[in-house]
Amino acid sequence: MNRAYQETWVKNLYLQNKCRKWMSKKLLTEAQFERICSQFPHQFYLPNLFVRIGLFLFASVSGSFFVSFIALLFGMESGNSFIIPSIISGIGFFVSLEFMIREKKLYHSGADNALLYAGLVSFFVPLVILFENRLEVWQYCLAALILLIPACYRYADSFLALCLLAVWYTLVMSLMMKSVTGRMLLPFAMVGMSAALYLLVSKICDIYYRQSRILLEFILLLLIYLSGNYYVVREANALINDIGGSESPQIDFAIVFYAFTLIIPALYIFLGLKQKNRILLIAGLLALAFSGFTFYYYTDFLSASQATALSGVLMIGISALCIHYLKQPRYGIADHPEEDSSAYLHIQTILASEVLSDVPAHDNFRFGGSGEFSGGGSAGEY
């Protein structure tokens, strides 16, 4: 299966965004940047955020009218009568999507996203209608995966990648919930599966899937932590086993989950600082905050207002100390906006041997590391 968007343009767009950041830091002149853009062009239509939202809403409303029109042509005597109109609508959405990408050069511009989502929903709805209340949750999830996997491969949509991950977790959890042993092993299985998926996703170097990879890495880091968090495991155990009462019962291996709740945030923060990985660092800080909530929830040695005030004072104090300490770069970390430092080390060789020559950049060359959500270069005109 071919990819929907022109791959060379995607790589050139990423290169232009990188070089634009370098130019803003005076590492490139405007003339050099223009020369780079001329040698590595793209023709994607990239509106700004507000125009993208407008195009998404416009395409969604137009799609709703299209579905309503098709449904009126076929009549709506019963739920089953909507199956054929839904399939026809799905075909129409995907034909329109391919046309807009090929002829209008859309690249995650809002309208193409709306058409993609509408097409997938249109193909999934007949399955729900046809097998209403006759399939289990995991069977619906399996059918959804059949639609989502090729769509994610072809269109590299971040939201679809997130949906794919959610459907996969729902599938695994619904199967494990069928047995007592599966329920007991659920937290450990979730931690192991999340870690395995994180390692798998982090090995994706293709720039075509870069945005999806960054999002999935962040979500999977949070899922690794939440799957072993003491609060989540204890409350989920009470919910799964339908245990009532004002307080959930103690769980087995509580000390293991307490240790996990303490160690994982520290590990994330340490690795994030050591590897200069912003995704790990942000995930670690969020996990640390939730760990604080977890211990406060079960110890309750302070009132809510006292805990909030104390947390705020500590955060402000620690932030002020870090800002003061990192005014001068220490251990490769500084308190000022910083892009991927590794990219700066290679900028001269990139410009000399790759960008300013007639030889194109290697397809598998990965500029910089992970950790920032790029999106620069969007034009505001429509």
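Rule-based calculations on the coordinates, nothing more; no lab input. These numbers were taken from a predicted model, which means no experiment stands behind them. Counting neighbours? That spans all protein chains shown, and the Cβs are built from the backbone with ideal geometry, glycine included.
Quick look at the numbers
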quantity	calculated
All positions within the range 210-229 that are more than 17 Å from residue 185 (Cβ to Cβ) and not hydrophobic (A, V, I, L, M, F, W, C)	210, 211, 212, 213, 217, 225
Verdict on residue 268 being farther than 30 Å from residue 42 by Cα, of a type in the set (Ser, Thr, Tyr) and assigned to a helix (DSSP H, G or I)	yes
Residues within the range 9-50 that are in contact (Cβ under 8 Å) with a residue 12 or more places away in the chain, part of a helix (DSSP H, G or I) and polar (S, T, N, Q), tallied	5
Selected residue [assigned to a helix (DSSP H, G or I), in contact (Cβ under 8 Å) with a residue 24 or more places away in the chain, surrounded by fewer than 17 Cβ atoms within 10 Å (Cβ to Cβ) and not charged (D, E, K, R)] from 261, 170, 181	170
Leading residue by the ranking (farthest from residue 108 (Cα to Cα)) among those in the range 26-65 that are of a type in the set (S, T, N, Q) and under 28 Å from the mean Cα position of the chain (by Cα)	64
Close pairs from the range 190-203: first under 12 Å from residue 227 (Cβ atoms), partner crowded, with 19+ Cβ neighbours inside 10 Å and among the hydroxyl-bearing types (Ser, Thr, Tyr), Cβ under 8 Å, at least 6 apart	190/227; 191/227; 194/227
Boolean, residue 239 is surrounded by fewer than 17 Cβ atoms within 10 Å (Cβ to Cβ) and either touching a helix residue (DSSP H, G or I) at 6+ places or on another chain (Cβ under 9 Å) or of a type in the set (A, V, I, L, M) (or both)	yes
Among (1) within 30 Å of residue 251 (Cβ to Cβ); (2) of a type in the set (A, V, I, L, M, F, W, C); (3) surrounded by fewer than 12 Cβ atoms within 10 Å (Cβ to Cβ) - the single one residue 321 does not satisfy	(1)
Residue match in the range 148-160 (condition: more than 16 Å from residue 113 (Cα to Cα) and buried (at least 17 other Cβ atoms within 10 Å of the Cβ))	no
Residues that are assigned to a helix (DSSP H, G or I), over 28 Å from residue 51 (Cβ atoms) and without any contact (Cβ under 8 Å) to a residue 24 or more places away in the chain, drawn from the range 92-134	124, 127, 128
Residue, surrounded by the fewest Cβ atoms within 10 Å (Cβ to Cβ), within the range 91-115, restricted to residues that are touching a Phe, Trp or Tyr at 6+ places or on another chain (Cβ under 6 Å) and among the hydrophobic types (A, V, I, L, M, F, W, C)	114
Count of residues meeting criterion [small (Gly, Ala, Ser) and out of contact with any helix residue (DSSP H, G or I) (no Cβ under 6 Å at 6 or more places or on another chain)] in the range 255-278	2
Qualifying residue in the range 213-231 (condition: part of a helix (DSSP H, G or I) and more than 22 Å from residue 288 (Cα to Cα))	yes
Of the criteria (1) aliphatic (A, V, I, L, M); (2) crowded, with 16+ Cβ neighbours inside 10 Å; (3) over 16 Å from residue 160 (Cβ atoms), which one residue 144 fails	(3)
